[in-house]
1. Between a first residue in the range 107-128 that is under 15 Å from Tyr88 (Cα atoms) and small (Gly, Ala, Ser) and a second residue that is surrounded by 14 or more Cβ atoms within 10 Å (Cβ to Cβ) and modelled with pLDDT of 95 or more, which pairs have beta carbons less than 7 Å apart while being 6 or more apart in sequence or on different chains?
2. Looking at Glu96, Glu62, Glu84, Glu15, can you tell me which residue is of a type in the set (D, E, K, R), in a loop (DSSP other than H, G, I, E, B) and more than 14 Å from Phe134 (Cα to Cα)?
3. Going by the structure shown, is Ile36 under 18 Å from Glu138 (Cα atoms) and touching a residue at least 24 places away in the same chain (Cβ under 8 Å)?
4. Filter the range 117-127 down to the residues that are surrounded by 12 or more Cβ atoms within 10 Å (Cβ to Cβ) and assigned to a loop (DSSP other than H, G, I, E, B) and list them by number.
5. Take the conditions touching a Phe, Trp or Tyr at 6+ places or on another chain (Cβ under 9 Å) and hydroxyl-bearing (Ser, Thr, Tyr) and apply them to Ser40. Does it pass?
6. Test each condition in (1) over 20 Å from Gly131 (Cα atoms); (2) surrounded by 13 or more Cβ atoms within 10 Å (Cβ to Cβ); (3) β-branched (Val, Ile, Thr); (4) in contact (Cβ under 8 Å) with a residue 12 or more places away in the chain for Thr22 and report the one that comes out false.
7. Only one of these is in contact with a Lys or Arg (Cβ under 9 Å, 6 or more places away or on another chain) and either surrounded by fewer than 16 Cβ atoms within 10 Å (Cβ to Cβ) or assigned by TED's automatic domain parsing to the domain that holds Leu35 (or both): Pro130, Pro111, Pro82. Name it.
8. Which one is nearest to Leu121 (Cα to Cα), of the residues in the range 46-70 that are touching an Asp or Glu at 6+ places or on another chain (Cβ under 7 Å) and surrounded by 17 or more Cβ atoms within 10 Å (Cβ to Cβ)?
Amino acid sequence: MSQTSATRAARPRPEPAITRDTRFFWDGIAKRQLLIQRCSSCGRCQHPPGPMCPKCHSLDWEPAVASGRGTLYSFVVFHHPPVEPFEYPNPIALVELEEGPRVVANLVGVPRAEIRIGMPLRACFRELEPGRIFLQFEKA
């Protein structure tokens with residue numbers, strides 16, 4: 001038995017797993033900023049955040065405001081099984097940011113037939129539930 005859109009919308013989205021290493025990222029999303037981790041020693045940017053730079057092994061890092069611009073590196077379109085409260089089809093993008101790291105987020109406002117690897121994208125932030133901001137990407 002299928003549930004209505006109103007029922008799906010009533011169920012909240014899962015909470016992200018927030019750790020000491022990722023809190024800055026989620027705090028940035030709440031402020032509609034895309035923050036990535038930058039090594040204070042060698043300047044390498046990385047995502048997802050971690051305790052150590054994989055290039056120089058430094059434990060010193062800082063949050064950096066990313067431009068939000070990138071290109072579509074890869075994507076999938078989820079159809080089944082449906083999971084509440086998401087809408088389907090559900091395009092999920094792997095976006096390569098100008099700064100180098102790749103991030104995963106919903107792709108919005110692009111008809112499925114127009115989704116192309118390499119297309120320019122930009123970050124957008126939407127309040128999909130009261131008080132909860134989500135990172136998404138749209139066509140640039």
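The values are calculated or read from the model by the stated rules, or taken from the named source; none is laboratory data. Everything quoted here is computed from the prediction, not taken from an experiment. We place every Cβ from the backbone using ideal geometry, glycine too, and count neighbours over all the protein chains shown.
1. Gly109/Glu138; Gly109/Lys139
2. Answer to the check: Glu84.
3. So Ile36 fails the test.
4. Residue satisfying the conditions is Met119 alone.
5. yes
6. (1)
7. One residue alone meets the criteria, Pro82.
8. Here is the first cut: in the range 46-70, the ones touching an Asp or Glu at 6+ places or on another chain (Cβ under 7 Å) are 49-51, 66-67, 69-70.
Still in the list and also surrounded by 17 or more Cβ atoms within 10 Å (Cβ to Cβ): 49, 66, 70.
Working: Pro49: 22, Ala66: 13, Gly70: 5 Å.
Top of the filtered list is Gly70.
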